[in-house]
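Taking it in order: structure first as structure tokens, then the write-up.
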Amino acid sequence: MDNKHYDVAVIGGGPGGYPAAIRAAQLGLSAVCVDDWKNEEGVRLFGGTCLNVGCIPSKALLESTELYHRAETEFEVHGIKIGGLGLDLAMMQARKRGIVKQLTSGIEAMFKAAGVVGIKGRGKLLAGNRVEVKTDDGVQTLDATHVVLATGSVPVELPIAKLDGKRIVDSEGALAFTSVPRRLGVIGAGVIGLELGSVWRRLGSEVVILEALDTFLYMADQQIAKEALRHLKKQGLDIRLGAKVTRAAVQGDVVKVGYEIAGAAQEIEVDVLVVAVGRRPYSTGAFAPDVPVALDKRGFIEVDDHCHTSVPNVWAVGDVVRGPMLAHKGMEEGVMAAELIAGHVSEMNYKTIPSVIYTAPEIAWVGQTEAEVQKTGRPYKVGTFSFAANARAKAMQQAIGLVKLIADREHDDILGVHIVGPLAGELIAEAVLAMEFQASAEDLQRTIHAHPTLSEALHEASLAADKRAIHGINR
């Protein structure tokens, strides 16, 4: 292995780490990226949770299962008759693995093209900006001027629901089922729980999702959340709010799950239980005890707005620091850190990070919710538009959901955009761009949108904020 000094050493090869290394190399810095991710066969791969057992495989299964569900329930409306519809889960899982393999191997190709040295091994920050790397071939110490910590996150475990990898599993296990569970329980109605629940419900599982909070998707605008909940329940997801799980134990071939709602004890039996109660930062072991990197009480590495840690020339990005645990947030932080290390001016606008839940309908938002705006006391206006009145959505047989735009009543700046409906994750990009460039609602109103497109729903919502909607209802 190469023992030379590097300008930048990145520990972690996920969405925060590998872009940091590539951007640093693009800017003429010598860069090395160290990662110890292992797949189920024990093969080390770059890409972290997102590419290996998170964003990418889940979206592959969501796409496959949505097509299956639509073929089963919707194609006949289009005049497409299918006889003998069948499921080949092994092929579906193989397709998922193939996509993951293409993307993870693609990182190594990008490293080669950019001049990044990729090392598959466990990295640990030592004093003096040295990085200890443990590989199958032994231990090596690298020297670096700057170190970027991008160690990511891991699923939160529940003491009352011990994972056994078969009957009680985490999100990784729920992506690798070889058969469709007849009854599936999910603890947690957040992003991960809803997406995994949707995958297996579409394939025939009876899915019960237990959520401890009384509010569905508390972090989303509640008008959008209520609309999403209504459609998800219509699809057969049994979502129980205020359900506090008290115990879960495997008994024979079933898992018995005890929970309480409003103090009343209840129990369900499922064939498999998925624990999807969130993720925690993976900061343990990222640095030696004598390295004074500060952590907060939840284990996140403390950083400033530019991702500096408490140690000079040590940076941290992605899930291991404050802010939403989103791959795209980690990517942009990694790029920002690399540019700052190279002496460039760089920053992130944390107010315009979009969030997306890839259920059907999709749920996406950026900026403030209406409740958050209300708390500020700022005068505001709201425009909404239903996809039921959108021609493209009707042609797609996807005319459900709505777009909601919130703007300042006096100055017209866009404060937040919230969408539940078809391809919401794609549509939200226009709102992100508008807010990044400080566009007003009027700017969106005067932007010509192609007809017929789903994007017209955002245009109409902006018009509705000033009671000017052509195809919608001006309240």
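The values are calculated or read from the model by the stated rules, or taken from the named source; none is laboratory data. Fair warning: this is a prediction, and the values are worked out from it, not measured in the lab. Positions of Cβ are generated from backbone atoms using ideal geometry, with glycine treated the same way; all protein chains shown enter the neighbour counts. With ligands, DNA and RNA removed, areas are computed over all heavy atoms of the protein, side chains included. Shrake-Rupley method; radii C 1.70, N 1.55, O 1.52, S 1.80 Å.
Of note:
- Rounded to the nearest whole Hz, the Karplus-based 3J(HN,Hα) values (6.51 cos²θ - 1.76 cosθ + 1.60, θ = phi - 60°) of the stretch 358-367 follow the sequence 8, 7, 10, x, 6, 10, 8, 7, 8, x, with x at glycine and proline.
- Cα principal axis extents for the stretch 435-475, largest first, Å: 28, 23, 13
- To the nearest 10, the accessible area of Val275 is 10 Å² with a 1.4 Å probe.
- Only Cα sites of the stretch 129-264 enter the Debye sum here, all with the same form factor; the resulting log10 I(q)/I(0) across q = 0.09, 0.15, 0.17, 0.19 1/Å is -0.39, -0.80, -0.94, -1.12, listed in q order.
- Distant alpha-carbon pairs in the stretch 318-475 (separation over 21 angstrom), percent: 48 percent
- The trypsin sites (Lys or Arg not before Pro) of the stretch 379-447 meeting both criteria, a DSSP state outside H, G, I, E and B (loop) and at most 16 other C-beta atoms within 10 angstrom of the site's C-beta, are Arg409, Arg446.
- Amide H contacts of Ile353 (H built 1.01 Å from N, in plane; Pro and chain starts excluded): Gly367 sit under 5 Å, all sequence-distant by 5 or more or on other chains.
- Estimated D of the chain in µm² per second, where Rh is the Kirkwood radius over Cα pairs and Stokes-Einstein applies at 20 °C, 1.002 mPa s: 89 µm²/s
- Cα-based values for the stretch 391-431, radius of gyration first and Dmax second, are 12.3, 38 Å.
- Calculated [222 nm] ellipticity per residue, helices only, for the chain: -9000 deg cm²/dmol; basis is -39500 (n - 2.57) per DSSP H run with n ≥ 4, divided by all residues, nearest 500.
- Sorting Met219, Met110, Met435 by accessible area puts them as Met110, Met219, Met435; the probe is 1.4 Å, largest comes first, and only protein heavy atoms count.
- Equivalent ellipsoid dimensions for the stretch 151-191 as semi-axes, Å, which come from the Cα gyration tensor, largest first: 18, 13, 11
- The accessible-area ordering, largest first, of the residues Trp37, Trp315 stands as Trp37, Trp315, per a 1.4 angstrom probe.
- By definition, a body whose alpha carbon gyration tensor gives a ≥ b ≥ c is prolate when a/c is 1.5 or more and a/b is larger than b/c, and the stretch 317-375 fits this prolate description.
- Relative pair counts by distance (%), Cα atoms of the stretch 259-398, 10 Å bins: 8, 24, 25, 25, 15, 3, 0
- Student exercise, the stretch 386-475 dipole from Lys, Arg, Asp, Glu Cβ charges, in Debye to nearest 20: 500 debye
- According to the Cα-based calculation, Rg over Rh for the stretch 16-145 is 1.17, with Rh computed by the Kirkwood formula.
- Take His78: with every protein chain present and a 1.4 Å probe, its accessible area is about 80 Å².
- If the convex hull is drawn through the Cα atoms of the stretch 384-475, its volume per residue in Å³: 80 Å³
- Kyte-Doolittle at least 0.0, axis length at least 30 Å by Cα - qualifying DSSP helices, the chain: 89-114
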